[in-house]
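The values are calculated or read from the model by the stated rules, or taken from the named source; none is laboratory data. Please read these numbers as outputs of a predicted model, since none were measured by experiment. Note: ideal-geometry Cβ built from the backbone for every residue, glycine included; neighbour counts use all protein chains shown. Quick note on the areas: whole protein, heavy atoms, side chains included, nothing else; ligands and nucleic acids left out. Shrake-Rupley method; radii C 1.70, N 1.55, O 1.52, S 1.80 Å.
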Amino acid sequence: MAKKSAVQVLWDRKKVADKKGYGHIEIIIYFTKKERKHISFGKCTPMEWRRLENSKEIREQVKKYEGIVELMKSLHEEMTIANFEAHQELREIVKVKKEESGLLYNGNDLSGSFIEFIRSFIEQEDVAKGTKKHKRCVLRSIEESGFISTYNDLTPANIMRYDRWLHDGVRTNVTIATYHKYLHYYINVLLMQELIPRDPYKNVVIKKGQSQERQPLTEEELIKVRDAVLEREKLDRVRDLFIFMAYTGLSYIDTQSFDFKKMTVFDKETGLYFIDGRRLKTKTKYFTPILPPAQKVLEKNNYQLLKISNQKANDHLHTIEEKLGIEHPMTCHIARHSFATLCLAHGVPADNVSKMLGHTNLKTTMRYAKTLQTTIRHNTSALVGSLL
């Protein structure tokens, strides 16, 4: 038989709801068989009670009273109403002092751990595994910097100290801006819940910095990678994964959940298979062709793509890049980038490319068009120079 809880919530104990239309909410604290304390928590209708029964307000009150009872037991105090009320009074005094010292805001203890708040929030977020991993990395940096630990540490001065700590010569300005973006996001969550009094970023300017422009592989380089004979099996499988991404536009994370039977449709008119899927990162739909080189990869590997971490895949791609003398850095994202510029170079409209890639904004696709223009200008300059 389950042990009866020392703190219980009852509604309409006196059975008056049928007559009056409402019943009283009471929290009852049991000290001994004969001694108990009734605390009124207002009144409500039967319909309202269904909503309030498991509400945050009632749970917090029960948790508070259970905490006092447990404290009394740990101190081996006599379980009486008088001792319980003495603890209640002491808590109110502490609460007032915290309010006066600025350590309490809207009932939230500002000396509480902001670090634990972020950690708990990250674990509950429904985001891609890679995003969650990156957010944990940001959390680790906040902990290691030592400037922000409690809610009370969220000040403009500490944000600037954290920013200076991030500028250690290892992280790029773009990476640092991303760290601030995530930190500011969790601060905004607290602001929306009215748990902190101010936004420390309001008077802080963080320079975003410019990202280094990614260079896609040229068609000649893609052919060179496709035709290369790689003796090591792992390099061969990673190369195949790269080619599949370069001729479908799939991101690395989406290749890891790719299922040919479930995710493709055959188009008789073009004679191609198309992938009809939803991106794991953004949940947006995409519809993209499996171009012939990618189809050959599937046939070669029994329609199974290599399962490998992004970091390991990129490490192997850099090895292939060195072996083949590829001028541009090879990564999983560059494969996707190469697909976009290949499509644009052959006249596929940008809005179609956007749909193939599963972009939520056409502006994102147009970045690839900008890179394409840069490449064309560079190659044209080289051509002109050779003719002089």
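Which residue is modelled with the lowest pLDDT, if the candidates are limited to the stretch 7-42 and must be open to solvent by 40 Å² or more (accessible area, probe 1.4 Å) and within 41 Å of the chain's Cα centre (by Cα)? Please lay out each step first, then the result.
Kept after step one, since they are open to solvent by 40 Å² or more (accessible area, probe 1.4 Å), are these residues of the stretch 7-42: 8-11, 13-15, 18-20, 22, 24, 30, 32-36, 38, 40-41.
After this cut, where a residue has to be within 41 Å of the chain's Cα centre (by Cα) as well, the list is 8-11, 41.
On the way: GLN8: 89, VAL9: 90, LEU10: 90, TRP11: 91, PHE41: 80.
Only one residue fits best here, namely PHE41.
Inside the stretch 315-324, can you point out the residues that are under 30 Å from the mean Cα position of the chain (by Cα) and open to solvent by 30 Å² or more (accessible area, probe 1.4 Å)? Walk me through it before giving the result.
First, the residues of the stretch 315-324 that are under 30 Å from the mean Cα position of the chain (by Cα): 315-318.
Result: ASP315, HIS316, HIS318.
Here is a check on your reading of the model: is VAL69 within 27 Å of ASP109 (Cβ to Cβ) and not in a strand (DSSP E or B)?
Yes; evaluated as a whole, the condition is true for this residue.
Could you list, in sequence order, all residues of the stretch 255-293 that are touching a strand residue (DSSP E or B) at 6+ places or on another chain (Cβ under 9 Å) and small (Gly, Ala, Ser)?
Those that are touching a strand residue (DSSP E or B) at 6+ places or on another chain (Cβ under 9 Å) and small (Gly, Ala, Ser): SER257, GLY277.
Taking interchain pairs and intrachain pairs at least six residues apart, which have beta carbon atoms under 7 angstrom, with the first residue in the stretch 177-205 and at pLDDT 85 or above and the second surrounded by fewer than 16 Cβ atoms within 10 Å (Cβ to Cβ) and among the hydroxyl-bearing types (Ser, Thr, Tyr)?
From residues that are at pLDDT 85 or above, the pairs are PRO200/THR155.
Please find, among SER149, SER55, SER141, the residue that is open to solvent by less than 30 Å² (accessible area, probe 1.4 Å) and at pLDDT 90 or above. First the steps, then the outcome.
Details: SER149 fails: open to solvent by less than 30 Å² (accessible area, probe 1.4 Å); SER55 fails: at pLDDT 90 or above.
Criteria check complete, one pass: SER141.
May I ask you to say which residue of GLY169, GLY209, GLY249 is touching a helix residue (DSSP H, G or I) at 6+ places or on another chain (Cβ under 8 Å), part of a loop (DSSP other than H, G, I, E, B) and at pLDDT below 85? Break it down stepwise before answering.
Numbers: GLY169 fails: touching a helix residue (DSSP H, G or I) at 6+ places or on another chain (Cβ under 8 Å); GLY249 fails: at pLDDT below 85.
Answer to the check: GLY209.
Among the residues of the stretch 255-276, what is the count of those that are open to solvent by less than 70 Å² (accessible area, probe 1.4 Å) and either in contact (Cβ under 8 Å) with a residue 40 or more places away in the chain or in a loop (DSSP other than H, G, I, E, B) (or both)?
So the count comes out to 7.
Inside the stretch 7-45, can you point out the residues that are among the charged types (D, E, K, R) and part of a loop (DSSP other than H, G, I, E, B)? Break it down into steps so the answer makes sense when it comes.
Taking the stretch 7-45 and keeping what is among the charged types (D, E, K, R), we get 12-15, 18-20, 26, 33-37, 43.
Passing the criteria: ASP12, ARG13, LYS14, LYS15, LYS33, LYS34, GLU35.
Which pairs turn up if I take residues in the stretch 311-322 that are more than 13 Å from ARG237 (Cα to Cα) and look for partners that are outside any helix (DSSP H, G or I) with beta carbon separation below 7 Å, at least 6 apart in sequence or on another chain?
That search, which allows pairs on different chains as well, returns HIS318/MET330; GLU321/PRO329; GLU321/MET330.
Table: residues versus (1) under 20 Å from the mean Cα position of the chain (by Cα); (2) under 29 Å from THR282 (Cα atoms).
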{"position": "PHE117", "(1), (2)": "yes, yes"}
{"position": "SER120", "(1), (2)": "yes, yes"}
{"position": "GLU123", "(1), (2)": "yes, yes"}
{"position": "GLY130", "(1), (2)": "yes, yes"}
{"position": "LYS133", "(1), (2)": "yes, yes"}
{"position": "PHE147", "(1), (2)": "no, no"}
{"position": "THR155", "(1), (2)": "no, no"}
{"position": "ASP163", "(1), (2)": "no, yes"}
{"position": "HIS180", "(1), (2)": "yes, yes"}
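Report yes if SER111 is of a type in the set (S, T, N, Q), under 25 Å from TYR151 (Cβ atoms), in a loop (DSSP other than H, G, I, E, B) and at pLDDT 80 or above, otherwise no. Can you show your working first?
Numbers: of a type in the set (S, T, N, Q): yes; under 25 Å from TYR151 (Cβ atoms): yes; in a loop (DSSP other than H, G, I, E, B): yes; at pLDDT 80 or above: yes.
Yes, satisfied.
Out of TYR151, TYR162, TYR185, report the one residue that is of a type in the set (Phe, Trp, Tyr) and within 29 Å of HIS337 (Cβ to Cβ). Reasoning before the result, please.
Details: TYR151 fails: within 29 Å of HIS337 (Cβ to Cβ); TYR162 fails: within 29 Å of HIS337 (Cβ to Cβ).
Only one candidate passes the filter, namely TYR185.
Give the residue, chosen from ASN203, ASN173, that is open to solvent by 20 Å² or more (accessible area, probe 1.4 Å), more than 30 Å from VAL353 (Cα to Cα) and not charged (D, E, K, R).
Going through ASN203, ASN173 in turn, the sole match is ASN203.
Name the pairs: first residue in the stretch 227-240 and in a helix (DSSP H, G or I), second residue open to solvent by 30 Å² or more (accessible area, probe 1.4 Å) and β-branched (Val, Ile, Thr), Cβ to Cβ under 8 Å, at least 6 apart or on different chains?
Qualifying pairs under 8 Å: LEU235/THR319.
How many residues are open to solvent by less than 30 Å² (accessible area, probe 1.4 Å) and either touching a strand residue (DSSP E or B) at 6+ places or on another chain (Cβ under 8 Å) or over 18 Å from LEU291 (Cβ atoms) (or both) when one looks only at the stretch 325-338?
2
Can you find a residue in the stretch 114-132 that is more than 29 Å from ILE253 (Cβ to Cβ), in contact with a helix residue (DSSP H, G or I) (Cβ under 9 Å, 6 or more places away or on another chain) and not acidic (Asp, Glu)?
Initially, the stretch 114-132 is screened for residues more than 29 Å from ILE253 (Cβ to Cβ), giving 114.
Filter once more, keeping what is in contact with a helix residue (DSSP H, G or I) (Cβ under 9 Å, 6 or more places away or on another chain): 114.
Next, only the ones that are not acidic (Asp, Glu) stay: 114.
Yes, the stretch 114-132 contains a residue that is more than 29 Å from ILE253 (Cβ to Cβ), in contact with a helix residue (DSSP H, G or I) (Cβ under 9 Å, 6 or more places away or on another chain) and not acidic (Asp, Glu).
Mind listing whichever residues of the stretch 291-308 are surrounded by fewer than 21 Cβ atoms within 10 Å (Cβ to Cβ) and over 17 Å from GLU233 (Cβ atoms)?
Matches in the stretch 291-308: LEU291, PRO292, PRO293, GLN295, LYS296, LEU298, GLU299, TYR303.
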